[in-house]
Amino acid sequence: MSEEYDPMPSSRRLPKQTPTTIGNHKLSPATLMMGYGYDPALSEGSLKAPIFLTSTFVFEKAADGKRFFEGITGKRPGGGTAEGLVYSRFNGPNQEILEDRLRIWEDAESALTFSSGMTAIAILLLSHVRPGDVVIHSGPLYAASESVIDKILPQFGVGFVDFPAGATREELDAVMAQAKAKGRVAMIYLESPGNPTNVLVDVEAVHAARAAAFAGDAELPPIAIDNTFLGPLWAKPLAQGADVSVYSLTKYAGGHSDLVAGALVGNRSVIDKARLMRNTLGGICDPNTAWMLLRSLETLELRMDKAGENAAKVCAFLRDHPKVEKVGYLAFLEEGSRQEDIYRRHCTGAGSTFSLYLKGGEKEAFAFLDALQIAHLAVSLGGTETLASAPAAMTHLSVPEERKAQLGITPNLVRISIGVEDPDDLIADFAHALDSI
């Protein structure tokens, strides 16, 4: 871990520095999840951080309170970061430890936690846009994310221009020019792989197109990317030029289908704007949820590795089944294709969430889903259990039919998130369900 992690940017000043290296050996994120950012000496020697269920923190002196509020309100440099604990709408020990650990996975400058992934997305966008601005976004997006950009922000005079996830550099150049003609471009918002089709965005090409389109500008529109499907293990988009990775921590980071939370991880200058807005509006992750996430991060790599191995075996079975039209799994991308090239440059694994296109339509998709006995019929992903759903009829029901067809969100599409069960049991479950169609 790079030395930029020490000293920590949070309000806690630990009496003992948390090591990130041993000699010249750099410690891995998986190791640092066991204790980074926390000193047991501050909590009666407790090996794990307690849950700090308090709304209010006591100042030692009045001058401290003033100084902390100068940070919260932005009167002191730091983008809303307080020098001490103030009030649970702004900060808290559990949340700050969590933010310190989240940024480790992508070697990021800063991290910020929220009560949900959508809260993170909404505050990120609201902190950067103003009337007359334009947001550029890839498609498909998670339906709620698209609703914020395409339906809610336009009510406040913010326009948008979208492009297909697999767009080429030439197409991206055209999109940048089109957006600039409409107004100030406030943000470029990506999702890769796109939910639910698993189509990848070429982040490097987006970064290059932005550099060309806004050359000479004092401030470039930030590139934010929803990295929930592959991050933080199988994709690290900050390395390809993104400024912020957006996470639904509910998914792989939480990983047990028992919490809801979100995060922004990336460049401090971008995240600080969101921090100032979060300080005002609220939406911070609560202490109990933060504590549960600290627990989950300790096994994140183990769970994602196992789920990824299971998905490879399950998809190999599904690929040749006579009732399957296509499996949208990243390891099956056509060799030499643009998508395969993006995957090779951007990803270290194919993930465990994929799109399954059955032969037929909604009737066949529903019959398949209803026949499952191990996999659960539910709309989330990234948990220890296998989940399956019909996006066109569920998560993306609000998307207009014409746009769903354009994006490949068809009635015969089933989205599957593979868990950590025995892979042979999962294959037996899917085989039985396919036979019932």
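So which residues in the range 226-259 are out of contact with any Gly (no Cβ under 8 Å at 6 or more places or on another chain) and in a loop (DSSP other than H, G, I, E, B)?
Asn227, Gly231, Pro232, Lys236, Gly241, Asp258, Leu259
With the requirement that a residue be in a helix (DSSP H, G or I) and not hydroxyl-bearing (Ser, Thr, Tyr), what does the range 260-282 give you?
Across the range 260-282, the qualifying residues are Arg268, Val270, Ile271, Asp272, Lys273, Ala274, Arg275, Leu276, Met277, Arg278, Asn279, Leu281.
Let me spell it out: the conditions are (1) closer than 22 Å to Tyr247 by Cβ; (2) part of a helix (DSSP H, G or I), and Phe366 meets all of them except one. Which number is the exception?
In the conditions (1) closer than 22 Å to Tyr247 by Cβ; (2) part of a helix (DSSP H, G or I), Phe366 misses (1) alone.
Any residue at all in the range 406-415 that's out of contact with any Asp or Glu (no Cβ under 7 Å at 6 or more places or on another chain), among the hydrophobic types (A, V, I, L, M, F, W, C) and within 22 Å of Gln373 (Cα to Cα)? I'd like the intermediate steps shown before the answer.
Here is the first cut: in the range 406-415, the ones out of contact with any Asp or Glu (no Cβ under 7 Å at 6 or more places or on another chain) are 406-410, 413-415.
So of that shortlist, the ones also among the hydrophobic types (A, V, I, L, M, F, W, C) come out as 407, 409, 413-414.
Of the ones still in play, those that are also within 22 Å of Gln373 (Cα to Cα) are 413-414.
Taking every residue of the range 406-415 in turn, at least one turns out to be out of contact with any Asp or Glu (no Cβ under 7 Å at 6 or more places or on another chain), among the hydrophobic types (A, V, I, L, M, F, W, C) and within 22 Å of Gln373 (Cα to Cα).
List the strands (runs of 3 or more DSSP E) inside the range 87-167, counting only whole elements, that have at least 1 residues being among the aliphatic types (A, V, I, L, M) and closer than 30 Å to Thr31 by Cβ.
On the way: elements: 110-114, 134-139, 159-164.
Per the criteria, 110-114.
Go through Gly157, Gly117 for me and flag whichever is at positive phi and assigned by TED's automatic domain parsing to the domain that holds Leu220.
Answer to the selection: Gly157.
Starting from residues that are over 25 Å from Glu362 (Cα atoms) and basic (Lys, Arg), keep the ones in the range 300-334 and report whichever is surrounded by the most Cβ atoms within 10 Å (Cβ to Cβ).
Looking at residues that are over 25 Å from Glu362 (Cα atoms) and basic (Lys, Arg), I get Arg303.
For the subset of the range 182-208 comprising residues that are in contact with a strand residue (DSSP E or B) (Cβ under 9 Å, 6 or more places away or on another chain) and in a helix (DSSP H, G or I), which member is surrounded by the most Cβ atoms within 10 Å (Cβ to Cβ)?
As a first pass, look at the range 182-208 and keep what is in contact with a strand residue (DSSP E or B) (Cβ under 9 Å, 6 or more places away or on another chain): 182-201, 203, 206-207.
Cutting the leftovers down to in a helix (DSSP H, G or I) gives us 182, 203, 206-207.
On the way: Lys182: 14, Val203: 24, Val206: 27, His207: 19.
It comes out as Val206.
Can you tell me which residue in the range 383-437 is surrounded by the fewest Cβ atoms within 10 Å (Cβ to Cβ), limited to those that are under 23 Å from the mean Cα position of the chain (by Cα) and without any contact (Cβ under 8 Å) to a residue 24 or more places away in the chain?
That would be Met394.
The values are calculated or read from the model by the stated rules, or taken from the named source; none is laboratory data. All figures in this text were calculated on a predicted structure; none of them were measured in a lab. Don't worry about glycine lacking a Cβ; one is built from the backbone with ideal geometry, like all the others, and counts go over all protein chains shown.
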